[in-house]
1. Tell me the angle of helix A:121-148 to the major Cα principal axis of chain A, expressed in degrees between 0 and 90 and rounded to the nearest ten.
2. Counting only other chains, what is the mean number of Cβ atoms within 10 angstrom of the Cβ of each residue in peptide A:50-62?
3. Could you compute how much accessible surface A:Asp67 exposes when probed at 1.4 Å, giving the result in Å² to the nearest 10?
4. Name the residue from A:Ala75, A:Trp129, A:Leu140 whose Cα lies farthest towards the positive end of the charge dipole of the range A:71-212, charges +1 on Cβ of Lys and Arg and -1 on Cβ of Asp and Glu.
5. On a 0 to 90 degree scale, rounded to 10, what angle separates helix A:36-64 from the longest Cα axis of chain A?
6. Quick check on packing: order A:167-174, B:168-175 by the mean number of other C-beta atoms within 10 Å, highest mean leading.
7. If you count, for each residue, the other Cβ atoms within 10 Å and average over each peptide, how do A:45-57, A:216-228, A:128-140 line up from highest to lowest?
8. Taking a ≥ b ≥ c as the square roots of the eigenvalues of the Cα gyration tensor of chain A, is the shape rounded (a/c under 1.5), prolate (a/b larger than b/c) or oblate?
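The values are calculated or read from the model by the stated rules, or taken from the named source; none is laboratory data. Keep in mind the model is a prediction, meaning the values are calculated, not measured. Cβ placement follows ideal geometry from the backbone for every residue including glycine, while neighbour counts extend to all protein chains displayed. Side chains are part of the model used for accessible areas, which takes the heavy atoms of the whole protein and leaves out ligands, DNA and RNA. Shrake-Rupley method; radii C 1.70, N 1.55, O 1.52, S 1.80 Å.
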Amino acid sequence: MPAPAPSPLALGAVSVAAVSAAGAGAWLGAARPAGAGRLAGWAGALAAGVMLGVGYALMAPALVRADVAATGGAAAAIVGSHLLRAGRTAGARSATRAVRDSALHSAAEGVALGAALAVGGGFGLALAWAIVGHNAAEGLGLGARLRADGWTPARAGRAALLARGGQLALGALTVGVLAVQPALVAAALGAGFGALLYLVIAELLPEAYHAGGRTGIAVVVSLAAGLVALLGGRTLPGAGG
Amino acid sequence: MGALVAGWPPVAQVFAAALLTAVATGLGAIPFAFLREMSARTIARANAVAAGLMLGASFGLLTEGATLGGARTALGALAGVALILVTQRLLGDHEPEFGTLQGAGARRVLLVVVVMTVHSFAEGVAVGVSFGGGEALAVAITLAIAVHNVPEGLAISAVMRPRGASVLACAGWSVFSSLPQPLTAVPAYLFVEQVRPAMPYGLGFAAGAMVYMVLVELLPEAFEEGEAPQVAGIVGLTMVGMLLFQRHV
(Lines give C-alpha, C1' and ligand atoms only; values in the text may rest on other atoms or scores of the structure.)
Protein backbone atom coordinates (compact mmCIF):
# COMPACT_ATOMS: atom_id res chain seq x y z
CA MET A 1 0.00 0.00 0.00
CA PRO A 2 1.70 3.28 -1.03
CA ALA A 3 2.26 5.95 1.59
CA PRO A 4 0.32 9.26 1.22
CA ALA A 5 1.56 11.47 -1.60
CA PRO A 6 3.63 14.54 -0.67
CA SER A 7 1.74 17.84 -0.30
CA PRO A 8 1.28 20.07 -3.38
CA LEU A 9 3.52 22.68 -1.75
CA ALA A 10 6.33 20.16 -1.29
CA LEU A 11 5.89 18.92 -4.84
CA GLY A 12 5.89 22.45 -6.19
CA ALA A 13 9.02 23.35 -4.29
CA VAL A 14 10.99 20.33 -5.46
CA SER A 15 9.80 20.85 -9.06
CA VAL A 16 10.97 24.47 -9.08
CA ALA A 17 14.24 23.38 -7.48
CA ALA A 18 14.78 20.61 -10.05
CA VAL A 19 14.37 22.90 -13.04
CA SER A 20 16.27 25.81 -11.48
CA ALA A 21 19.18 23.58 -10.50
CA ALA A 22 19.60 22.46 -14.10
CA GLY A 23 19.47 26.01 -15.44
CA ALA A 24 21.82 27.37 -12.80
CA GLY A 25 24.22 24.50 -13.29
CA ALA A 26 24.29 25.04 -17.04
CA TRP A 27 24.85 28.79 -16.64
CA LEU A 28 27.71 28.13 -14.25
CA GLY A 29 29.23 25.45 -16.48
CA ALA A 30 29.09 27.76 -19.49
CA ALA A 31 30.52 30.71 -17.53
CA ARG A 32 33.61 28.71 -16.68
CA PRO A 33 35.82 28.73 -19.75
CA ALA A 34 38.71 26.61 -18.59
CA GLY A 35 38.70 22.89 -17.94
CA ALA A 36 35.30 22.41 -19.56
CA GLY A 37 35.93 18.81 -20.55
CA ARG A 38 37.18 17.74 -17.16
CA LEU A 39 34.33 19.59 -15.46
CA ALA A 40 31.80 17.78 -17.63
CA GLY A 41 33.43 14.44 -16.88
CA TRP A 42 33.48 14.85 -13.13
CA ALA A 43 29.98 16.30 -13.12
CA GLY A 44 28.91 13.28 -15.13
CA ALA A 45 30.53 10.94 -12.62
CA LEU A 46 28.66 12.61 -9.77
CA ALA A 47 25.45 12.46 -11.75
CA ALA A 48 26.07 8.78 -12.53
CA GLY A 49 26.54 7.99 -8.86
CA VAL A 50 23.36 9.81 -7.88
CA MET A 51 21.39 8.03 -10.59
CA LEU A 52 22.73 4.60 -9.57
CA GLY A 53 21.84 5.31 -5.97
CA VAL A 54 18.36 6.43 -6.99
CA GLY A 55 18.00 3.31 -9.13
CA TYR A 56 18.94 1.08 -6.21
CA ALA A 57 16.47 2.82 -3.91
CA LEU A 58 13.74 2.36 -6.53
CA MET A 59 14.41 -1.30 -7.17
CA ALA A 60 15.38 -2.63 -3.76
CA PRO A 61 11.87 -2.80 -2.22
CA ALA A 62 10.56 -4.68 -5.25
CA LEU A 63 13.43 -7.15 -4.99
CA VAL A 64 12.74 -7.77 -1.32
CA ARG A 65 9.20 -8.67 -2.36
CA ALA A 66 10.53 -10.77 -5.29
CA ASP A 67 8.35 -8.74 -7.63
CA VAL A 68 8.67 -10.07 -11.19
CA ALA A 69 6.90 -7.02 -12.61
CA ALA A 70 9.75 -4.79 -11.42
CA THR A 71 12.46 -6.83 -13.11
CA GLY A 72 10.27 -7.09 -16.20
CA GLY A 73 9.86 -3.31 -16.21
CA ALA A 74 13.62 -2.88 -15.85
CA ALA A 75 14.35 -5.22 -18.76
CA ALA A 76 11.77 -3.47 -20.95
CA ALA A 77 13.25 -0.05 -20.14
CA ILE A 78 16.76 -1.22 -21.00
CA VAL A 79 15.66 -2.67 -24.32
CA GLY A 80 13.58 0.43 -25.10
CA SER A 81 16.43 2.77 -24.21
CA HIS A 82 18.79 0.79 -26.41
CA LEU A 83 16.41 0.90 -29.37
CA LEU A 84 15.97 4.67 -28.94
CA ARG A 85 19.71 5.13 -28.70
CA ALA A 86 20.33 2.99 -31.78
CA GLY A 87 17.94 5.20 -33.74
CA ARG A 88 20.02 8.33 -33.16
CA THR A 89 22.54 9.39 -35.79
CA ALA A 90 26.18 8.68 -35.07
CA GLY A 91 28.87 11.30 -35.28
CA ALA A 92 30.29 14.19 -33.36
CA ARG A 93 28.33 15.38 -30.41
CA SER A 94 26.99 18.79 -31.47
CA ALA A 95 25.49 21.32 -29.07
CA THR A 96 22.02 20.51 -30.36
CA ARG A 97 22.57 16.82 -29.79
CA ALA A 98 23.88 17.52 -26.29
CA VAL A 99 20.69 19.41 -25.45
CA ARG A 100 18.57 16.67 -26.99
CA ASP A 101 20.47 14.02 -25.00
CA SER A 102 19.87 16.03 -21.86
CA ALA A 103 16.16 16.15 -22.64
CA LEU A 104 16.11 12.36 -23.12
CA HIS A 105 17.96 11.89 -19.83
CA SER A 106 15.41 14.11 -18.19
CA ALA A 107 12.50 12.16 -19.58
CA ALA A 108 13.83 8.86 -18.20
CA GLU A 109 14.51 10.52 -14.86
CA GLY A 110 10.97 11.87 -14.87
CA VAL A 111 9.60 8.33 -15.05
CA ALA A 112 11.87 7.27 -12.18
CA LEU A 113 10.85 10.33 -10.17
CA GLY A 114 7.15 9.78 -10.83
CA ALA A 115 7.44 6.17 -9.71
CA ALA A 116 9.27 7.21 -6.54
CA LEU A 117 6.60 9.81 -5.75
CA ALA A 118 3.90 7.24 -6.36
CA VAL A 119 5.44 5.12 -3.59
CA GLY A 120 4.92 8.26 -1.62
CA GLY A 121 5.93 9.97 1.56
CA GLY A 122 9.53 10.62 2.54
CA PHE A 123 10.88 8.11 0.02
CA GLY A 124 9.61 9.98 -3.00
CA LEU A 125 10.63 13.41 -1.73
CA ALA A 126 14.09 12.22 -0.69
CA LEU A 127 14.71 10.86 -4.15
CA ALA A 128 13.27 13.99 -5.73
CA TRP A 129 15.80 16.11 -3.84
CA ALA A 130 18.58 13.71 -4.88
CA ILE A 131 17.52 14.32 -8.46
CA VAL A 132 17.70 18.08 -7.84
CA GLY A 133 21.37 17.63 -6.95
CA HIS A 134 21.83 15.45 -9.98
CA ASN A 135 20.23 18.10 -12.20
CA ALA A 136 22.73 20.68 -10.99
CA ALA A 137 25.66 18.36 -11.70
CA GLU A 138 24.30 17.42 -15.10
CA GLY A 139 23.62 21.08 -15.85
CA LEU A 140 27.27 21.87 -15.10
CA GLY A 141 28.37 19.27 -17.60
CA LEU A 142 25.89 20.43 -20.23
CA GLY A 143 26.88 24.08 -19.80
CA ALA A 144 30.56 23.24 -20.18
CA ARG A 145 29.84 21.31 -23.37
CA LEU A 146 27.71 24.08 -24.84
CA ARG A 147 30.32 26.68 -23.95
CA ALA A 148 32.84 24.69 -25.99
CA ASP A 149 30.51 25.25 -28.97
CA GLY A 150 30.36 28.98 -28.32
CA TRP A 151 27.05 29.21 -26.47
CA THR A 152 26.69 32.00 -23.94
CA PRO A 153 25.90 31.17 -20.30
CA ALA A 154 22.41 32.65 -20.65
CA ARG A 155 21.61 30.59 -23.73
CA ALA A 156 22.98 27.44 -22.09
CA GLY A 157 20.89 28.10 -18.98
CA ARG A 158 17.71 28.54 -21.04
CA ALA A 159 18.38 25.35 -23.01
CA ALA A 160 18.92 23.38 -19.80
CA LEU A 161 15.68 24.75 -18.33
CA LEU A 162 13.73 23.73 -21.42
CA ALA A 163 15.36 20.28 -21.50
CA ARG A 164 14.20 19.69 -17.93
CA GLY A 165 10.61 20.36 -18.90
CA GLY A 166 10.29 16.76 -20.03
CA GLN A 167 11.32 15.57 -16.58
CA LEU A 168 8.49 17.41 -14.88
CA ALA A 169 5.96 16.46 -17.54
CA LEU A 170 6.77 12.75 -17.47
CA GLY A 171 7.03 12.77 -13.71
CA ALA A 172 3.55 14.23 -13.41
CA LEU A 173 2.21 11.83 -16.04
CA THR A 174 3.72 8.84 -14.25
CA VAL A 175 2.24 9.94 -10.91
CA GLY A 176 -1.16 10.38 -12.58
CA VAL A 177 -1.10 7.00 -14.32
CA LEU A 178 0.00 5.17 -11.18
CA ALA A 179 -2.67 6.91 -9.11
CA VAL A 180 -5.27 5.43 -11.46
CA GLN A 181 -3.49 2.08 -11.90
CA PRO A 182 -1.56 1.33 -8.67
CA ALA A 183 -0.92 -2.20 -9.90
CA LEU A 184 1.64 -0.69 -12.31
CA VAL A 185 3.81 0.77 -9.51
CA ALA A 186 6.26 -2.15 -9.40
CA ALA A 187 6.72 -2.15 -13.16
CA ALA A 188 7.18 1.63 -13.17
CA LEU A 189 9.82 1.44 -10.44
CA GLY A 190 11.63 -1.22 -12.40
CA ALA A 191 11.36 0.82 -15.60
CA GLY A 192 12.81 3.85 -13.83
CA PHE A 193 15.68 1.74 -12.57
CA GLY A 194 16.37 0.22 -15.99
CA ALA A 195 16.29 3.58 -17.76
CA LEU A 196 18.65 5.18 -15.25
CA LEU A 197 21.06 2.24 -15.40
CA TYR A 198 21.21 2.35 -19.19
CA LEU A 199 21.81 6.11 -19.27
CA VAL A 200 24.59 5.85 -16.72
CA ILE A 201 26.47 3.17 -18.63
CA ALA A 202 25.75 4.32 -22.19
CA GLU A 203 26.23 8.07 -21.71
CA LEU A 204 27.59 9.32 -18.42
CA LEU A 205 30.34 6.84 -17.56
CA PRO A 206 32.12 6.80 -20.97
CA GLU A 207 32.42 10.62 -20.90
CA ALA A 208 33.49 10.55 -17.27
CA TYR A 209 36.25 8.00 -17.85
CA HIS A 210 37.42 10.03 -20.84
CA ALA A 211 37.70 13.20 -18.78
CA GLY A 212 39.04 11.79 -15.51
CA GLY A 213 41.11 8.79 -14.43
CA ARG A 214 39.19 5.55 -13.91
CA THR A 215 40.16 5.34 -10.21
CA GLY A 216 38.94 8.82 -9.33
CA ILE A 217 35.75 8.40 -11.33
CA ALA A 218 35.08 5.00 -9.74
CA VAL A 219 35.54 6.47 -6.24
CA VAL A 220 33.20 9.40 -6.95
CA VAL A 221 30.51 7.17 -8.48
CA SER A 222 30.75 4.60 -5.66
CA LEU A 223 30.53 7.17 -2.87
CA ALA A 224 27.72 9.16 -4.49
CA ALA A 225 25.72 6.00 -5.22
CA GLY A 226 26.28 4.64 -1.73
CA LEU A 227 25.21 7.87 -0.03
CA VAL A 228 22.03 8.23 -2.09
CA ALA A 229 21.18 4.53 -1.69
CA LEU A 230 21.66 4.80 2.08
CA LEU A 231 19.53 7.95 2.34
CA GLY A 232 16.87 6.46 0.11
CA GLY A 233 16.87 3.25 2.13
CA ARG A 234 16.50 5.13 5.39
CA THR A 235 13.33 6.80 4.20
CA LEU A 236 11.67 3.51 3.30
CA PRO A 237 9.03 2.24 5.71
CA GLY A 238 10.49 -0.45 7.96
CA ALA A 239 14.07 0.21 6.85
CA GLY A 240 16.76 -1.26 9.12
CA GLY A 241 19.35 0.86 10.91
CA MET B 1 20.56 -32.71 8.64
CA GLY B 2 19.47 -36.26 7.89
CA ALA B 3 18.18 -34.92 4.58
CA LEU B 4 21.75 -34.37 3.33
CA VAL B 5 24.03 -37.07 4.71
CA ALA B 6 22.60 -39.46 7.29
CA GLY B 7 24.90 -40.40 10.14
CA TRP B 8 27.43 -37.61 9.62
CA PRO B 9 28.16 -35.23 12.51
CA PRO B 10 26.48 -31.82 11.98
CA VAL B 11 29.79 -29.99 11.55
CA ALA B 12 30.84 -32.40 8.80
CA GLN B 13 27.54 -31.91 7.05
CA VAL B 14 27.91 -28.13 7.18
CA PHE B 15 31.41 -28.42 5.69
CA ALA B 16 30.23 -30.83 2.99
CA ALA B 17 27.30 -28.62 2.01
CA ALA B 18 29.49 -25.53 1.74
CA LEU B 19 32.10 -27.50 -0.23
CA LEU B 20 29.35 -28.52 -2.62
CA THR B 21 28.43 -24.87 -3.17
CA ALA B 22 32.10 -24.05 -3.82
CA VAL B 23 32.52 -26.82 -6.40
CA ALA B 24 29.37 -25.63 -8.19
CA THR B 25 31.20 -22.39 -9.03
CA GLY B 26 33.40 -24.31 -11.47
CA LEU B 27 30.36 -25.05 -13.64
CA GLY B 28 30.41 -21.40 -14.69
CA ALA B 29 33.41 -22.11 -16.92
CA ILE B 30 31.55 -24.63 -19.09
CA PRO B 31 30.07 -22.12 -21.62
CA PHE B 32 33.61 -21.02 -22.44
CA ALA B 33 34.50 -24.50 -23.64
CA PHE B 34 32.47 -23.62 -26.74
CA LEU B 35 34.17 -20.28 -27.46
CA ARG B 36 37.16 -20.54 -29.77
CA GLU B 37 37.81 -17.01 -31.05
CA MET B 38 38.46 -14.18 -28.60
CA SER B 39 38.26 -10.99 -30.64
CA ALA B 40 38.44 -7.56 -29.04
CA ARG B 41 34.68 -7.28 -29.36
CA THR B 42 34.23 -10.65 -27.61
CA ILE B 43 36.45 -9.46 -24.78
CA ALA B 44 34.35 -6.30 -24.45
CA ARG B 45 31.16 -8.36 -24.33
CA ALA B 46 32.66 -10.78 -21.83
CA ASN B 47 33.64 -7.86 -19.59
CA ALA B 48 30.12 -6.49 -19.93
CA VAL B 49 28.62 -9.87 -18.96
CA ALA B 50 30.95 -10.11 -15.96
CA ALA B 51 30.07 -6.55 -14.95
CA GLY B 52 26.34 -7.23 -15.16
CA LEU B 53 26.61 -10.44 -13.14
CA MET B 54 28.69 -8.76 -10.46
CA LEU B 55 26.37 -5.75 -10.27
CA GLY B 56 23.39 -8.08 -9.96
CA ALA B 57 25.08 -10.09 -7.21
CA SER B 58 26.04 -6.86 -5.40
CA PHE B 59 22.51 -5.58 -5.64
CA GLY B 60 21.22 -8.74 -4.01
CA LEU B 61 23.82 -8.52 -1.25
CA LEU B 62 23.05 -4.87 -0.56
CA THR B 63 19.32 -5.51 -0.50
CA GLU B 64 19.74 -8.37 1.93
CA GLY B 65 22.16 -6.38 4.07
CA ALA B 66 19.87 -3.37 4.14
CA THR B 67 17.04 -5.44 5.63
CA LEU B 68 19.39 -6.43 8.45
CA GLY B 69 20.99 -3.02 8.95
CA GLY B 70 21.44 -0.25 6.35
CA ALA B 71 24.16 1.74 8.11
CA ARG B 72 26.21 -1.38 8.90
CA THR B 73 25.88 -2.53 5.30
CA ALA B 74 27.02 0.88 4.07
CA LEU B 75 30.06 0.81 6.36
CA GLY B 76 30.93 -2.65 5.11
CA ALA B 77 30.60 -1.45 1.51
CA LEU B 78 32.96 1.43 2.21
CA ALA B 79 35.50 -1.04 3.59
CA GLY B 80 35.09 -3.18 0.48
CA VAL B 81 35.86 -0.22 -1.79
CA ALA B 82 38.90 0.55 0.36
CA LEU B 83 40.12 -3.05 0.02
CA ILE B 84 40.18 -2.84 -3.78
CA LEU B 85 41.79 0.60 -3.71
CA VAL B 86 44.58 -0.69 -1.48
CA THR B 87 44.98 -3.85 -3.56
CA GLN B 88 45.24 -1.78 -6.72
CA ARG B 89 47.88 0.40 -5.11
CA LEU B 90 49.85 -2.63 -4.05
CA LEU B 91 49.68 -4.11 -7.54
CA GLY B 92 49.99 -0.80 -9.37
CA ASP B 93 53.76 -0.59 -9.80
CA HIS B 94 54.31 -4.27 -10.35
CA GLU B 95 53.88 -6.57 -13.31
CA PRO B 96 52.13 -9.50 -11.65
CA GLU B 97 51.87 -12.97 -13.09
CA PHE B 98 48.76 -15.06 -12.73
CA GLY B 99 49.24 -18.56 -14.07
CA THR B 100 50.19 -18.03 -17.71
CA LEU B 101 48.96 -14.42 -17.69
CA GLN B 102 51.16 -11.39 -17.22
CA GLY B 103 50.97 -7.63 -16.93
CA ALA B 104 47.74 -5.66 -16.98
CA GLY B 105 45.65 -8.70 -17.89
CA ALA B 106 47.03 -10.66 -14.96
CA ARG B 107 46.42 -7.72 -12.65
CA ARG B 108 42.78 -7.49 -13.70
CA VAL B 109 42.19 -11.22 -13.32
CA LEU B 110 43.87 -11.17 -9.92
CA LEU B 111 41.59 -8.37 -8.77
CA VAL B 112 38.49 -10.21 -9.95
CA VAL B 113 39.54 -13.41 -8.18
CA VAL B 114 40.30 -11.43 -4.99
CA VAL B 115 36.90 -9.74 -5.11
CA MET B 116 34.99 -12.96 -5.71
CA THR B 117 36.95 -14.73 -2.98
CA VAL B 118 36.06 -11.97 -0.54
CA HIS B 119 32.46 -12.32 -1.64
CA SER B 120 32.55 -16.02 -0.78
CA PHE B 121 33.26 -15.37 2.89
CA ALA B 122 29.81 -13.84 3.27
CA GLU B 123 28.17 -16.72 1.41
CA GLY B 124 29.92 -19.28 3.59
CA VAL B 125 28.61 -17.51 6.67
CA ALA B 126 25.12 -17.60 5.16
CA VAL B 127 25.36 -21.38 4.71
CA GLY B 128 26.62 -21.88 8.26
CA VAL B 129 23.96 -19.63 9.79
CA SER B 130 21.23 -21.41 7.80
CA PHE B 131 22.17 -24.74 9.40
CA GLY B 132 21.38 -23.15 12.73
CA GLY B 133 17.86 -22.52 11.50
CA GLY B 134 16.75 -26.10 10.82
CA GLU B 135 16.96 -28.75 8.13
CA ALA B 136 14.60 -27.23 5.58
CA LEU B 137 16.30 -23.84 5.70
CA ALA B 138 19.75 -25.44 5.43
CA VAL B 139 18.81 -27.40 2.31
CA ALA B 140 17.16 -24.39 0.69
CA ILE B 141 20.05 -22.04 1.36
CA THR B 142 22.67 -24.58 0.29
CA LEU B 143 20.92 -25.20 -3.00
CA ALA B 144 20.31 -21.50 -3.56
CA ILE B 145 23.94 -20.59 -2.99
CA ALA B 146 25.19 -23.51 -5.11
CA VAL B 147 23.04 -22.37 -8.01
CA HIS B 148 23.93 -18.72 -7.36
CA ASN B 149 27.63 -19.60 -7.56
CA VAL B 150 27.39 -20.79 -11.17
CA PRO B 151 27.02 -17.28 -12.66
CA GLU B 152 29.78 -16.11 -10.35
CA GLY B 153 32.05 -18.71 -11.89
CA LEU B 154 30.82 -17.44 -15.24
CA ALA B 155 31.86 -13.91 -14.25
CA ILE B 156 35.37 -15.05 -13.33
CA SER B 157 35.69 -17.13 -16.48
CA ALA B 158 34.43 -14.22 -18.60
CA VAL B 159 37.44 -12.23 -17.43
CA MET B 160 40.01 -15.06 -17.53
CA ARG B 161 39.14 -16.92 -20.71
CA PRO B 162 39.52 -14.00 -23.15
CA ARG B 163 43.01 -13.46 -21.72
CA GLY B 164 44.16 -16.91 -22.71
CA ALA B 165 43.39 -18.99 -19.62
CA SER B 166 42.26 -22.55 -20.32
CA VAL B 167 38.75 -23.70 -19.46
CA LEU B 168 40.23 -25.93 -16.78
CA ALA B 169 42.10 -22.98 -15.26
CA CYS B 170 38.91 -20.91 -15.32
CA ALA B 171 37.00 -23.69 -13.54
CA GLY B 172 39.83 -24.21 -11.05
CA TRP B 173 40.15 -20.57 -10.12
CA SER B 174 36.36 -20.24 -9.92
CA VAL B 175 36.26 -23.08 -7.38
CA PHE B 176 39.24 -21.56 -5.57
CA SER B 177 37.40 -18.25 -5.23
CA SER B 178 34.59 -20.07 -3.42
CA LEU B 179 36.79 -22.09 -1.06
CA PRO B 180 36.19 -19.57 1.77
CA GLN B 181 32.64 -20.90 1.85
CA PRO B 182 33.36 -24.22 3.62
CA LEU B 183 36.02 -22.48 5.72
CA THR B 184 33.63 -19.87 7.09
CA ALA B 185 30.49 -22.00 7.15
CA VAL B 186 31.67 -24.16 10.05
CA PRO B 187 32.60 -21.35 12.46
CA ALA B 188 29.42 -19.50 11.45
CA TYR B 189 27.38 -22.61 12.33
CA LEU B 190 29.16 -23.06 15.66
CA PHE B 191 28.91 -19.39 16.65
CA VAL B 192 25.69 -18.44 14.87
CA GLU B 193 24.46 -16.05 17.56
CA GLN B 194 27.76 -14.14 17.55
CA VAL B 195 27.99 -14.09 13.75
CA ARG B 196 24.50 -12.82 12.95
CA PRO B 197 25.04 -9.17 14.00
CA ALA B 198 28.11 -8.98 11.74
CA MET B 199 26.27 -10.22 8.64
CA PRO B 200 25.40 -6.73 7.29
CA TYR B 201 29.07 -5.70 7.42
CA GLY B 202 30.09 -8.82 5.49
CA LEU B 203 27.37 -8.46 2.89
CA GLY B 204 28.16 -4.78 2.37
CA PHE B 205 31.90 -5.48 2.21
CA ALA B 206 31.50 -8.03 -0.58
CA ALA B 207 29.09 -5.80 -2.50
CA GLY B 208 31.22 -2.67 -2.20
CA ALA B 209 34.30 -4.49 -3.46
CA MET B 210 32.42 -5.90 -6.44
CA VAL B 211 30.76 -2.63 -7.45
CA TYR B 212 34.04 -0.77 -7.29
CA MET B 213 35.76 -3.51 -9.28
CA VAL B 214 33.10 -3.13 -12.00
CA LEU B 215 33.57 0.65 -12.11
CA VAL B 216 37.36 0.72 -12.03
CA GLU B 217 38.27 -2.27 -14.22
CA LEU B 218 35.51 -4.09 -16.06
CA LEU B 219 33.54 -1.19 -17.50
CA PRO B 220 36.54 0.92 -18.60
CA GLU B 221 38.00 -2.10 -20.40
CA ALA B 222 34.64 -2.90 -21.99
CA PHE B 223 34.40 0.67 -23.30
CA GLU B 224 37.92 0.43 -24.76
CA GLU B 225 37.00 -2.37 -27.12
CA GLY B 226 33.23 -2.09 -27.46
CA GLU B 227 30.57 0.50 -28.13
CA ALA B 228 29.05 2.11 -25.05
CA PRO B 229 25.38 1.51 -25.99
CA GLN B 230 26.03 -2.18 -26.62
CA VAL B 231 27.96 -2.47 -23.36
CA ALA B 232 25.09 -0.76 -21.55
CA GLY B 233 22.53 -3.14 -23.04
CA ILE B 234 24.55 -6.23 -22.13
CA VAL B 235 25.33 -5.03 -18.60
CA GLY B 236 21.74 -4.00 -17.98
CA LEU B 237 20.09 -7.16 -19.21
CA THR B 238 22.67 -9.42 -17.55
CA MET B 239 22.17 -7.59 -14.28
CA VAL B 240 18.40 -7.91 -14.50
CA GLY B 241 18.79 -11.59 -15.37
CA MET B 242 20.96 -12.10 -12.30
CA LEU B 243 18.42 -10.30 -10.12
CA LEU B 244 15.63 -12.54 -11.42
CA PHE B 245 17.83 -15.60 -10.95
CA GLN B 246 18.67 -14.73 -7.35
CA ARG B 247 15.11 -14.05 -6.34
CA HIS B 248 13.24 -16.75 -8.16
CA VAL B 249 15.55 -19.77 -8.49
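1. 10 degrees
2. Numbers: counts 0, 0, 3, 0, 0, 1, 5, 1, 0, 4, 7, 2, 3.
Mean partner shielding for this stretch: 2.
3. 40 Å²
4. A:Leu140
5. 10 degrees
6. Result, highest mean first: B:168-175, A:167-174.
7. Highest-to-lowest ranking by the protection proxy: A:45-57, A:128-140, A:216-228.
8. Verdict is prolate for chain A.
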